[in-house]
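Undergrad: The structure's right below; bear with me while I get my questions together.
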Amino acid sequence: MDSSQHGYAVIDLETTGLRPSWHDRVIEVAVVLLDPLGRITGEWSTLVNPQRDLGPQHIHGISAADVRHAPGFKDIAGALTELLRGRVPVAHNLRFDLGFLHDEYARAGTPIPDLSPIGICTMTEAIRFLPAAPRTLAGCCAVADISLDNHHDALIDARAAAALLHHYLKLSHPTSPWTACLTTAAGLVWPVIPRSAATPVRRGASGERDNHFLARLLDRLPRASDTVRADPYFALLDQVLLDHHISATEADMLIALAARLDLGRADALRLHHDYLNALAHAAKADGVVTPAERHELDLVAALIGLPPVAVEQALAAAAPPQHLAVNGFRLRPGDLVVFTGDMAGGRELWEERARQAGYAAHSNVTKQVRLLVAADPDTMSGKARKARAYDIPIVTPDAFTRMSAAADR
């Protein structure tokens, strides 16, 4: 990427919300570099770990599983500064992006010069160059015949805003309205911020990185069954399977526990078969395995990396050891339940549902809380960090609904 020459730096940010003053943070940064004629010379983007929940994920589409691998803003500040130094900042709704950018740099302890006087807002400039267009990025692109797919991906939106700027420059040719801005930008003094070794992370990183957690365990020689410390592993497995989903964070927890217990892949696989056998034994205890019970066995087998035939084998197996009790977690009337994240219908609705089910909706995570319900089970909110420290299960809203219905039966 050529970031040495002067020109324009088209910026787009995805954030957890609308205002830095409300503790919202940047979660994705993209920069597209243009020369003074508006031709693309390079681009760069990364997700950013805000160490909090991600806000309206249905809008920006970023998962906590991806962001947990991403660098923090302080880790990318040096690389980002190299891209912005000497260039005119450009964005669609520049005031929004610069507000967050200045806040993040200040939070990192490296405030930057005020870029507002030299910045170009492609939304504001549309009044002059696209007077019939709506002011949204999508509307301006439609009128200017610029492609915009996967809106709210920072790099895609930055490319679209860069194309808009190029369109404006062509319309104003042979003179440019922003020659003075280019000159001023070249002379701005920026702080010296060393570039860290942080690697940019793009969307979809969790899918590329996170194979099934069994495949990520070490290949050790299997240990004798009587030396395997199974109980802690079974307890964690039981907890993470409460919502019929193993999040990326929970997979990491299982891998870390297996390492502490010195369990290799073969040991874990044997324990998974034992766990499924215990589930199957509980399902057939009344003499009938219902379709719902069979569906759950099939689902659990897939989640813990066992083939479908393992369910048939588990149903035909003898009873597991007496001490192996699975799915022992049950919500009780009066239990404290906490909610976190941007949930469909709003958090207040879910808290009311909890109260109607007989539970006590609580605002903060304490050791007395029995369950945390999270819009994204990989969330990095303060509530989730406390819940993991206290070994409090974290489940999805759908799982909470299912658990509440099961408690009523």
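The values are calculated or read from the model by the stated rules, or taken from the named source; none is laboratory data. Because the structure is a prediction, the values reported are computed rather than measured. Glycine also receives a Cβ, built like all others from the backbone with ideal geometry; neighbour counts cover every protein chain displayed. Ligands, DNA and RNA are excluded from the accessible area calculation, which covers all protein heavy atoms including side chains. Shrake-Rupley method; radii C 1.70, N 1.55, O 1.52, S 1.80 Å.
Undergrad: Could you rank Met403, Met253 by how accessible they are, 1.4 Å probe, largest area first?
TA: Working: Met403 25, Met253 55 Å².
The most accessible residue leads, giving Met253, Met403.
Undergrad: Cross-link candidates for Lys74: which lysines have Cα within less than 29 Å, leaving aside residues fewer than 8 places away along the same chain?
TA: Cα-Cα hits under 29 Å: Lys383, Lys386.
Undergrad: Nearest 0.05, what FRET efficiency do Val143 and His212 give at R0 = 60 Å with Cβ-Cβ as r? Provide the component values of the computation, followed by the final result.
TA: Working: r = 47 Å, r/R0 = 0.78.
Calculated transfer efficiency: 0.80.
Undergrad: Per residue, how large is the accessible surface of the chain? Use a 1.4 angstrom probe and give square angstrom. Walk me through the numbers before you get to the answer.
TA: On the way: 19100 Å² over 409 residues.
Accessible area per residue, the chain: 47 Å².
Undergrad: Which of His295, His212, His167 moves the most in a Gaussian network model of the chain with Cα springs under 10 Å?
TA: Looking only at His295, His212, His167, the biggest GNM fluctuation is shown by His295.
Undergrad: Using just the helices of the chain, give the 222 nm mean residue ellipticity in deg cm²/dmol: DSSP H runs with n ≥ 4 each add -39,500 (n - 2.57), and the total is spread over all residues, rounded to 500. Don't jump to the answer; show the numbers that get you there.
TA: Values: 17 runs with 177 residues, N = 409.
Value at 222 nm, helices only: -13000 deg cm²/dmol.
Undergrad: Moving to a separate point now. So, in nm, how far is label Asn150 from label Asp35 when the simple model puts each one 7 Å beyond its Cα toward the Cβ?
TA: That separation, rounded to one decimal, is 2.8 nm.
Undergrad: Using a Förster radius of 60 Å, what is the FRET efficiency between Leu349 and Val189 based on their Cβ-Cβ separation? Nearest 0.05, please.
TA: Values: r = 51 Å, r/R0 = 0.84.
So, using R0 = 60 Å, E works out to roughly 0.75.
Undergrad: Give the calculated FRET efficiency between Thr401 and Ala317 to the nearest 0.05, with a Förster radius of 41 Å applied to their Cβ-Cβ distance. Could you put the intermediate results ahead of the total?
TA: On the way: r = 32 Å, r/R0 = 0.78.
After rounding to 0.05, the efficiency reads 0.80.
Undergrad: With P(r) over Cα pairs in 10 Å bins from 0, in percent as the read-out, I listed (i) 4, 14, 19, 18, 15, 13, 9, 5, 2, 0; (ii) 4, 12, 10, 8, 8, 8, 7, 6, 7, 7, 6, 4, 5, 6, 3, 1, 0; (iii) 4, 19, 24, 20, 15, 11, 6, 1, 0; which label goes with the value calculated from this structure?
TA: Calculated P(r) over Cα pairs in 10 Å bins from 0, in percent: the matching label is (iii).
Undergrad: Ordering Thr15, Thr366, Thr199 by how much accessible area each has at a 1.4 Å probe, largest first, what is the list? Before the final figure, lay out the partial values.
TA: On the way: Thr15 15, Thr366 45, Thr199 100 Å².
Largest accessible area first, the list is Thr199, Thr366, Thr15.
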